[in-house]
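To start, the structure itself, in structure tokens.
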Amino acid sequence: MAEPRKEWRLNLTPRFTVLQLGEYSVLEDGPRETLLRNMKYERLAPSLIYRKVYAAITAFLVHPLRDSRILIACREDLERTRDSAELPRQRENASYALNALDAFERSANHVRMGNVTFAVAPPATYLRIEDVKVSVQPSALILVARSRGSDLVGALIVDAAKGAELRTEAARERATQAMKNAAILLHQHVVAQHDGMGVKPSCEHAIVFHSHRQQTESAPSSHRRELRNLTACCRSIADRWDRIVPPPKFDIERAYVRR
């Protein structure tokens, strides 16, 4: 008998990206419950092939001349994928990725490029906060040479996913705080990666950039209170994880289990 087709991923321990944890930290209780359930019981969906977009964004940023041909080549690849797709979902996925690429191209000038050098970031690493594994994958490292004192180091995360439209001032304030919280976590990552390496981690250069909203947020220079709140969020996540009730349609026979 053939093995059932996998439709789920069951995460036995909590995993978030810095962007997801930033979002979680500003949600009210109801949406938090939904996000937690979706994080533990992940519905497997076809990839939106954003990885091609993110790879092109990184290559564009670190290129000394910001060569637009890198983005053009990515566009042509995605268009071929879209035009040759056999299934409607595949065409939709390629179209979503093209929209993300469009947004970055329109907003690239809003990324802080002056007086900094972008460099390729190392592979994704993790911050472990109160038994929560927080994935950090910068789009690029940021290096700032100074004539006096240590050179500065930071990192940039480009968020190319569109997300929901922000229709109220309260929603915009929450989104801004979520980006700042993600930038704080990004700064903690930079500190951990570059401690004792002769450079100074810079809050100003720990940057999250949302390309659809053309919005940039850095880690505040004073963020002890926010970091305590993020740590408390992780403590709460770890405490609640084993008690999260699966959604009604969850089927363990159709799930990959990840520890």
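Quick notes
- Selection from the range 206-220 of residues that are surrounded by fewer than 24 Cβ atoms within 10 Å (Cβ to Cβ) and either at pLDDT below 95 or not small (Gly, Ala, Ser) (or both): HIS212, ARG213, GLN214, GLN215, THR216, GLU217, PRO220
- Whichever residue in the range 9-68 is in a strand (DSSP E or B) and among the hydroxyl-bearing types (Ser, Thr, Tyr) and, among such residues, is surrounded by the most Cβ atoms within 10 Å (Cβ to Cβ): TYR41
- Selection count where residues are crowded, with 17+ Cβ neighbours inside 10 Å and of a type outside the set (A, V, I, L, M, F, W, C), scope the range 221-259: 2
The values are calculated or read from the model by the stated rules, or taken from the named source; none is laboratory data. Model, not experiment: these values are computed from the prediction. Ideal geometry is used to build each Cβ from the backbone, glycine not excepted, and the neighbour counts take in all protein chains shown.
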